[in-house]
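One structure is given here, and the rest of the page talks about it.
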Amino acid sequence: DWDEGPFYQSQRLALYHATAEKLLASGHAYYCFCGKEQLEARRELAAEEGRTPKYEGTCRCLSAGEIERRRGAGESAAVRFKVPQTGSTIVHDAVFGDVEFQNTELEDFVLLRSDGIPTYHLSVVADDLDMRMTHVIRGADHLSNTPKQILQYQALGAAQPVFAHVPLILGPDKMRLSKRHGATSVLAYKDMGIVPEAFRNFLAMLGWTPSGAAAGREIIANDELISLFGLDGISRSNAVFDNDKLAWFNTEYIRAYPAERLLPLVEEEWRRAGLVPARSDREWLLSTIDLLKPRARNLKDFAESFRGYFSDEFSYDPAAVEKFLKDASVREMLVQLAGKYESAPEFTEVSIEQVLREFAAEKSIKAGALINGSRVALTGQGVAPSLFAVMAALGRGRVVERLRRATQI
RNA sequence: GGCGCUAUCGUCUAGGGGUUAGGACGUGAGAUUCUCAAUCUUAAAACACGGGUUCGAUUCCCGUUAGCGCUACCA
């Protein structure tokens with residue numbers, strides 16, 4: 001969770017300019033008048049000649065007089081960091097250990113663009129220093145950029161934060177996770193019917209393993225996750241995002257959640273699907289959710305395949321109809337069964353079963369055929385909890401009405 | 001191209017100089033019968049390759065290969 005912000009770079013320009021000014025004053029940065037086209041042309045040429053395309057330091061040694069004259073003439077200039085031409089910079093990373101970069105591999109990178117907007121390299125350092133960050137934890141794609149930031153800390157005479165780079169998450173094709181694979185935003189997973197806590201648990205297990213007493217456990221919810229999580233358990237290799245495993249975590253959380261906790265999440269799905277429950281009493285909603293949740297894989301199930309439990313507007317799964325309601329005589333018997341239920345003295349889970357089994361015996365038909373047929377007629381689905389519990393949840397009125405329609409499905 | 005990182009079942013991972021290389025997801029088979037997307041049982045499935053070091057490497061070292069990342073007046 002976060003406790004402040006968001007902050008906008010556009011409102012913190014003074015800070016970046018002041019930081020750049022400091023670097024300029026101490027000789028760790030300089031003005032660069034090279035134009036964009038000029039730089040691109042030089043880069044292209046270098047590539048053609050097989051040289052490393054790197055800024056050549058054209059403006060590195062301009063005289064103070066020339067700088068003043070050109071700036072005075074209104075020539076636009078960027079500010080570049082003056083990277084030492086010898087030695088190396090070591091990143092002490094909490095995950096990757098010490099990683100050494102030769103300074104000659106780095107170019108004099110831009111801190112401030114000619115329009116006065118800072119680049120990322122300057123703004124992270126200025127912000128982290130200003131906000132007194134103790135730890136910088138981010139994707140491993142930034143490991144190679146870290147020496148550029150360390151150089152700035154050193155030039156500014158500031159203490160470095162702890163750096164920790166975490167492995168990247170890859171798509172199924174082992175390429176970096178991108179829009180192409182579906183979703184890169186956590187909100188997208190919420191929209192997909194994933195319980196937030198399940199998603200967090202899944203994500204935490206990607207590239208990190210708990211140690212100690214929790215070693216080997218996979219289902220670890222929020223609070224415990226927070227207390228257990230640490231930099232030491234983080235792995236250094238990238239991980240492939242496995243949708244199947246996420247679905248499994250989601251299933252586990254939905255099943256383990258009490259109905260009270262599930263209800264608001266389910267109601268949100270209903271709102272999105274435009275479903276208004278046929279009954280609004282909380283007790284009934286909770287008990288029906290409890291009935292259904294062992295078979296739920298996703299929050300969307302409550303608005304989709306479980307639709308018939310909550311609304312009278314539901315559709316029949318063609319495959320289920322084909323499998324269990326193909327026989328016209330079974331349909332006819334369901335209509336007759338509706339009559340039995342209508343006139344039965346009571347309508348409890350026990351009596352419901354009794355009526356059905358007696359009716360099956362009377363007709364010399366297997367109870368299973370009626371049970372399976374009823375399930376489809378009542379819920380539209382071939383998969384459901386125990387039929388008699390379903391009937392009790394639906395209530396006598398709906399059961400009778402839906403069974404009567406069996407011949408018209 | 002240069003630099004950096006990584007390498008255990010299909011996937012997430014545990015392990016670590018001598019192990020039947022463990023678990024989870026997924027997959028296959030069986031059981032159950034009131035459906036299965038439930039439950040139970042069960043099976044298949046991995047140390048990238050080549051050199052060292054060592055009595056002994058999957059584990060330590062080097063190299064190769066592969067993958068990923070960085071290499072912008074993007075973040």
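The values are calculated or read from the model by the stated rules, or taken from the named source; none is laboratory data. Note that the coordinates shown come from a computational prediction; the quantities given were computed from them, not determined experimentally. Every residue, glycine as well, gets a Cβ built from its backbone with ideal geometry; the counts of neighbours run over all protein chains shown.
At-a-glance table
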quantity	calculated
Qualifying residue in region A:48-62 (condition: at positive phi, over 30 Å from the mean Cα position of the chain (by Cα) and within 11 Å of RNA strand B (Cβ to nearest atom))	yes
Pairs where the first residue, in region A:75-87, is among the aromatic types (F, W, Y) and the second is away from RNA strand B (no atom under 12 Å from the Cβ) and in a loop (DSSP other than H, G, I, E, B), C-beta under 8 Å, 6+ apart	A:F81/A:H28
Residue satisfying all of: in region A:309-320; away from RNA strand B (no atom under 12 Å from the Cβ) and not in a loop (DSSP other than H, G, I, E, B); modelled with the lowest pLDDT among these	A:P318
Filtered residue count, region A:180-212, keeping only those that are within 12 Å of RNA strand B (Cβ to nearest atom), buried (at least 18 other Cβ atoms within 10 Å of the Cβ), farther than 20 Å from A:R236 by Cβ and of a type in the set (G, A, S)	1
Matching entry among A:V99, A:V95 (being outside any helix (DSSP H, G or I), without any contact (Cβ under 8 Å) to a residue 60 or more places away in the chain and closer than 22 Å to A:S144 by Cβ)	A:V99
When residues of region A:215-255 are limited to those that are hydroxyl-bearing (S, T, Y) and more than 8 Å from RNA strand B (Cβ to nearest atom), the one nearest to A:F202 (Cα to Cα)	A:Y253
One residue from A:S88, A:S10 being under 23 Å from A:P147 (Cβ atoms), surrounded by fewer than 16 Cβ atoms within 10 Å (Cβ to Cβ) and within 14 Å of RNA strand B (Cβ to nearest atom)	A:S88
Residue match in region A:4-22 (condition: touching a helix residue (DSSP H, G or I) at 6+ places or on another chain (Cβ under 6 Å), of a type in the set (A, V, I, L, M, F, W, C) and touching a residue at least 24 places away in the same chain (Cβ under 8 Å))	yes
Selection from region A:108-134 of residues that are more than 8 Å from RNA strand B (Cβ to nearest atom), outside any loop (DSSP other than H, G, I, E, B) and surrounded by fewer than 17 Cβ atoms within 10 Å (Cβ to Cβ)	A:D130
Any chance A:E218 is part of a loop (DSSP other than H, G, I, E, B) and surrounded by 13 or more Cβ atoms within 10 Å (Cβ to Cβ)	yes
